[in-house]
1. Looking only at region B:100-112, count how many residues are in a loop (DSSP other than H, G, I, E, B) and either farther than 30 Å from A:SER49 by Cα or open to solvent by less than 10 Å² (accessible area, probe 1.4 Å) (or both).
2. The conditions are (1) within 14 Å of chain B (Cβ to nearest Cβ); (2) in a strand (DSSP E or B); (3) touching a residue at least 60 places away in the same chain (Cβ under 8 Å); (4) more than 15 Å from B:ASN101 (Cβ to Cβ), and A:SER106 fails exactly one of them. Which is it?
3. Yes or no: region A:48-64 includes at least one residue that is among the hydroxyl-bearing types (Ser, Thr, Tyr), open to solvent by 30 Å² or more (accessible area, probe 1.4 Å), closer than 29 Å to B:ALA1 by Cα and assigned to a strand (DSSP E or B).
4. Which of the residues belonging to region A:10-42 are outside any loop (DSSP other than H, G, I, E, B), hydroxyl-bearing (Ser, Thr, Tyr) and either touching an Asp or Glu at 6+ places or on another chain (Cβ under 7 Å) or away from every other protein chain (no Cβ under 11 Å) (or both)?
5. Evaluate the following for A:PRO83: is it open to solvent by 10 Å² or more (accessible area, probe 1.4 Å) and touching a Cys at 6+ places or on another chain (Cβ under 9 Å)?
6. Is there a residue in region A:61-80 that is among the acidic types (Asp, Glu) and within 22 Å of B:LEU44 (Cα to Cα)?
7. Using beta carbons and a limit of 6 Å, which pairs, at least six apart or on different chains, have the first residue in region A:18-46 and closer than 20 Å to A:ALA98 by Cβ and touching a residue at least 60 places away in the same chain (Cβ under 8 Å) and the second one of a type in the set (Phe, Trp, Tyr) and part of a strand (DSSP E or B)?
Amino acid sequence: EAQVTQNPRYLITVTGKKLTVTCSQNMNHEYMSWYRQDPGLGLRQIYYSMNVEVTDKGDVPEGYKVSRKEKRNFPLILESPSPNQTSLYFCASSLGGASDGYTFGSGTRLTVV
Amino acid sequence: AQSVAQPEDQVNVAEGNPLTVKCTYSVSGNPYLFWYVQYPNRGLQFLLKYITGDNLVKGSYGFEAEFNKSQTSFHLKKPSALVSDSALYFCAVRDWRAAGNKLTFGGGTRVLVKP
């Protein structure tokens, strides 16, 4: 089944403790992206990757890092999480064409205390 | 810059009645427009998209949307709503010239269909 897989689904952590949210897709998609979803703000892009070893900042990149060493994986790293990073995170992938939509993962609900 | 507005935080409709979820957009070039639906504890699912051609686009689950260039709108519609249509709906736009292939999303509209 074609899908984007995120782990974990739920995570509670403490301020300052480094964490990684994994994302993997099995569709050979070129493009991958991370979004965060907050009430009333919709989805805002954190980082994206057009291909292996090519990443760039989205609208809200502060406090996050990403890497794209393999085509299928695009982990999101929070080096020193803070409470304002408490959110619902989605990984998405697409073929990369302008008319292509995204396939989304099921989401990761992160709480930083 | 590209942006999307969904003016209603919530839409309430009785089952069997028509459902409309409003969306307006702003892009400097030609828009590519999308609708997604999010059910509780799930990721976003693609409903339909407008790229070019016929202004009326048909999608999944009986939904359709009408592209109106003069009003810069892309409203989502369903002739007869079901209780199972209760969910969070997102409109998204991409300017075909935008760098990074980014989709910009609206704030979302919660739809509640009452039996």
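The values are calculated or read from the model by the stated rules, or taken from the named source; none is laboratory data. These numbers come from a predicted model, not from an experiment. No Cβ is skipped: glycine too gets one built from the backbone with ideal geometry, and neighbour counts run over all protein chains shown. Accessible surface is based on the protein model in full, side chains and every heavy atom, while ligands, DNA and RNA are left aside. Shrake-Rupley method; radii C 1.70, N 1.55, O 1.52, S 1.80 Å.
1. Filtering region B:100-112 for residues in a loop (DSSP other than H, G, I, E, B) gives B:102-103, B:106-108.
Filter once more, so that each one left must be either farther than 30 Å from A:SER49 by Cα or open to solvent by less than 10 Å² (accessible area, probe 1.4 Å) (or both): B:103, B:106, B:108.
Matching residues across region B:100-112 total 3.
2. A:SER106 satisfies every listed condition except (2).
3. To start, the set of residues in region A:48-64 that are among the hydroxyl-bearing types (Ser, Thr, Tyr) comprises A:48-49, A:55, A:64.
Adding the requirement that they be open to solvent by 30 Å² or more (accessible area, probe 1.4 Å) leaves A:55.
Retained after the next criterion (residues that are closer than 29 Å to B:ALA1 by Cα): A:55.
Remaining after also requiring assigned to a strand (DSSP E or B): A:55.
For region A:48-64, residues among the hydroxyl-bearing types (Ser, Thr, Tyr), open to solvent by 30 Å² or more (accessible area, probe 1.4 Å), closer than 29 Å to B:ALA1 by Cα and assigned to a strand (DSSP E or B): present.
4. In the first step, residues of region A:10-42 are kept if they are outside any loop (DSSP other than H, G, I, E, B); the result is A:10-13, A:19-25, A:31-38, A:42.
From what's left, hydroxyl-bearing (Ser, Thr, Tyr): A:10, A:13, A:20, A:22, A:24, A:31, A:33, A:35.
Residues satisfying the conditions are A:THR13, A:THR20, A:THR22, A:SER24.
5. Details: open to solvent by 10 Å² or more (accessible area, probe 1.4 Å): yes; touching a Cys at 6+ places or on another chain (Cβ under 9 Å): no.
Taking the combined requirement at face value, the residue does not satisfy it.
6. Checked region A:61-80: no residue is among the acidic types (Asp, Glu) and within 22 Å of B:LEU44 (Cα to Cα).
7. So the pair list comes out as A:SER33/A:TYR48.
One line per residue, one yes/no per condition, for (1) more than 8 Å from chain A (Cβ to nearest Cβ); (2) open to solvent by 10 Å² or more (accessible area, probe 1.4 Å); (3) of a type outside the set (Lys, Arg); (4) over 30 Å from A:LYS57 (Cα atoms):
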residue: B:ASN68; (1), (2), (3), (4): yes, yes, yes, yes
residue: B:ALA81; (1), (2), (3), (4): yes, no, yes, yes
residue: B:ARG94; (1), (2), (3), (4): no, no, no, no
residue: B:LYS114; (1), (2), (3), (4): yes, yes, no, yes
